[in-house]
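Only the coordinates and a few stated rules stand behind these numbers; no lab work does. Keep in mind that what you see is a predicted model, and the values were worked out from it rather than measured. So basically every Cβ, Gly included, is an ideal-geometry build from the backbone, and we count neighbours across all protein chains shown.
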Amino acid sequence: MAIGKNKEKRLADIGVRDSKQLTPRQREFLFGEIYKIAEEIGYYVITNEEINVAMRDGISLNELEAMHFSKLLDSLNSRISKLYIDSPDVIPGRFATRISMYAKKPVASVGVKVKAEEEPIRVIAEHKADVRYPIVSAASIIAKVVRDREIERIKQEIGIDFGSGYPSDKRTRLALKSNLSNAEFQNFVRQKWRTLQEIRQSHIEEFFQG
């Protein structure tokens, strides 16, 4: 997502904040408003199949995210001076370095030298950046709305209400437990997901105890 520096305040003015602090209705409303303010918005849906293949090949989730962050950055037509990221890595600087290594655009990061005709993009990768910076809050709203819509699409396709898809959701865990042998359902599940592995292990233990 790219936004002009003089428009950042408008995000806060319309009520943009961390998506987790908003209701689904508020997020849907702000989704359209953010599109009106932003210069450009881009997103990529990483499927469970892509994650399964990546993890099979030894690519971590953080690495996969960095690769797609970089592709999205390269796809933007706007001139970017700073890149704000809510780091998924426990070491934010390491994630910033990954971005600089994958991006085709010049990106400045600690430990990576950049030779470019234009000023390199400065990466600000922090934990809870979606709380501190309105532009990251706006990006989190876009991501959350896109994810929620995709979840609803999948529910309609397979005819199973599995809740939010988050491990803390009891409906999600129940749906996973009830559909361990449902191939159609499993086609939408990340197979190396710790939650799924825990449920499978619990199922095996129950089988032997029963």
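Structure above, values below:
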quantity: Net lengthening on full extension, Thr23/Lys36 (0.36 nm per residue, minus Cα-Cα); calculated: 2.7 nm
quantity: Asn179-His127 FRET efficiency (beta carbon distance; Förster radius 25 Å; 0.05 resolution); calculated: 0.15
quantity: Neighbour net charge for Trp193 - beta-carbon separation under 12 angstrom, K R +1, D E -1; calculated: +4
quantity: Label point distance in nm, Glu63-Ile158, each placed 7 Å from Cα along Cα→Cβ; calculated: 2.7
quantity: Estimated distance in nm for a label pair at Ile46 and Ala2, the labels positioned 7 Å out from Cα along Cα-to-Cβ; calculated: 2.3
quantity: Cα-centre dipole for the chain with unit charges at Cβ (Lys and Arg positive, Asp and Glu negative), debye to 20; calculated: 500
quantity: Point-charge dipole on Cβ atoms (K/R +1, D/E -1) for the stretch 1-55, about Cα centre, debye to 20; calculated: 360
quantity: The stretch 90-189: GluC sites (Glu not before Pro) in DSSP coil with no more than 16 other Cβ atoms inside 10 Å; calculated: Glu117, Glu118
quantity: Distance-filtered residues of the stretch 38-63 - backbone nitrogen under 15 Å, label point 7 angstrom along Asn77 Cα→Cβ; calculated: 38-42
quantity: Cβ-derived FRET efficiency at R0 25 Å, Gln191 paired with Ile91, nearest 0.05; calculated: 0.40
quantity: Identified option (computed log10 I(q)/I(0) by the Debye sum over Cα atoms at q = 0.10, 0.13, 0.16 Å⁻¹; candidates (1) -0.50, -0.76, -1.08; (2) -0.53, -0.85, -1.17; (3) -0.40, -0.71, -1.14); calculated: (2)
quantity: Between helix 61-75 and the chain: long-axis angle, C-alpha atoms, 0 to 90°, nearest 10; calculated: 40
quantity: Relative contact order [Cα under 8 Å, 6+ residues apart], the stretch 5-147, whole percent; calculated: 31
quantity: Loop-exposed trypsin sites (Lys or Arg not before Pro) per DSSP, neighbour cap 15 Cβ within 10 angstrom, longest uninterrupted part of the chain; calculated: 1-78
